[in-house]
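Participant: Here it is, the structure in full.
The values are calculated or read from the model by the stated rules, or taken from the named source; none is laboratory data. This one's a predicted model, so the numbers in the text were calculated from it and none came from an experiment. Cβ: placed from backbone, ideal geometry, glycine included. Neighbour counts: every protein chain shown. We work out accessible area using only protein heavy atoms, side chains counted, and drop any ligands, DNA or RNA first. Shrake-Rupley method; radii C 1.70, N 1.55, O 1.52, S 1.80 Å.
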Amino acid sequence: TSTGAVGVDRQQLLLVSSEQVLQLSAQSYNKTVQEARARRLLDTNTAQLNRLKKISNRLVGQVGVYRPDAAKWPWEVHTIKSNELNAFVMPGGKIMFYTGIIDRLNLTDDEIAAIMGHEMSHALREHSRERLSRQYATQTGIGVAASIFGLSQGQAQIANVAGYFGLSRPHSRTKEAEADLIGLELQA
């Protein structure tokens, strides 16, 4: 990604291919959509869905600042009727909002744009790909260490937990801060 006006330029560990992540995320998103459709919870409020699409179209118009290829992603917006306070954007531009976050918090368009821009930023910066790559590297490293040092299964599990808290967790705050900055620029 480009640094944009906010200057996000952290180096990322990307061992897993973008194609693999896009394939996994498309499968996951399609499954979520199919399950919601089967339960008659998908896109139950047309006016709300159209509102989200209008907001997303304005934000998608800005993604080229960070990734010119993202302007060509097949962006898609859906809602799931649920009281859950959640929204996400999958790699490749698949946007999902739970109606609870809009209804329960009585969000304005600007507030929706702030949430959506933040979530879109995770996709633009490939944070899912980075997380999978980090997990792969950690597990591979622990597997090699377990083999070299003869660690028991219990010791290897402890090493996995330590890897999560020592390597993965600290980076999650960094990714959230990046998404906050990029999301604000997209919204602006």
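Participant: Cβ contacts < 7 Å: first residue open to solvent by less than 40 Å² (accessible area, probe 1.4 Å), restricted to the range 99-115; second residue assigned to a loop (DSSP other than H, G, I, E, B) and among the basic types (Lys, Arg), any location; separation 6+ or different chain. Result?
Facilitator: These pairs meet every condition: THR99/LYS81.
Participant: With respect to VAL77, is the statement that it is among the β-branched types (Val, Ile, Thr), open to solvent by 30 Å² or more (accessible area, probe 1.4 Å) and either in contact (Cβ under 8 Å) with a residue 60 or more places away in the chain or within 24 Å of GLU185 (Cα to Cα) (or both) true?
Facilitator: No, not satisfied.
Participant: If you scan the range 35-50, which residues turn out to be without any contact (Cβ under 8 Å) to a residue 40 or more places away in the chain, in a helix (DSSP H, G or I) and crowded, with 16+ Cβ neighbours inside 10 Å?
Facilitator: If the condition is that a residue be without any contact (Cβ under 8 Å) to a residue 40 or more places away in the chain, in a helix (DSSP H, G or I) and crowded, with 16+ Cβ neighbours inside 10 Å, then LEU49 is the only one that fits.
Yes or no, residue by residue, for (1) assigned to a strand (DSSP E or B); (2) closer than 23 Å to ALA26 by Cβ; (3) over 20 Å from the mean Cα position of the chain (by Cα):
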site: LEU52; (1), (2), (3): no, yes, no
site: ILE55; (1), (2), (3): no, yes, no
site: ARG58; (1), (2), (3): no, no, no
site: ASP69; (1), (2), (3): no, yes, no
site: VAL77; (1), (2), (3): yes, yes, no
site: GLY92; (1), (2), (3): no, yes, no
site: MET96; (1), (2), (3): yes, yes, no
site: LEU105; (1), (2), (3): no, no, yes
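Participant: ILE101: at pLDDT 95 or above, of a type in the set (A, V, I, L, M) and touching a strand residue (DSSP E or B) at 6+ places or on another chain (Cβ under 7 Å), yes or no?
Facilitator: For ILE101, the condition - at pLDDT 95 or above, of a type in the set (A, V, I, L, M) and touching a strand residue (DSSP E or B) at 6+ places or on another chain (Cβ under 7 Å) - is met.
Participant: Determine whether the range 56-67 contains at least one residue that is over 19 Å from GLN187 (Cα atoms) and surrounded by 15 or more Cβ atoms within 10 Å (Cβ to Cβ).
Facilitator: Among the residues of the range 56-67, not one is over 19 Å from GLN187 (Cα atoms) and surrounded by 15 or more Cβ atoms within 10 Å (Cβ to Cβ), which makes the answer no.
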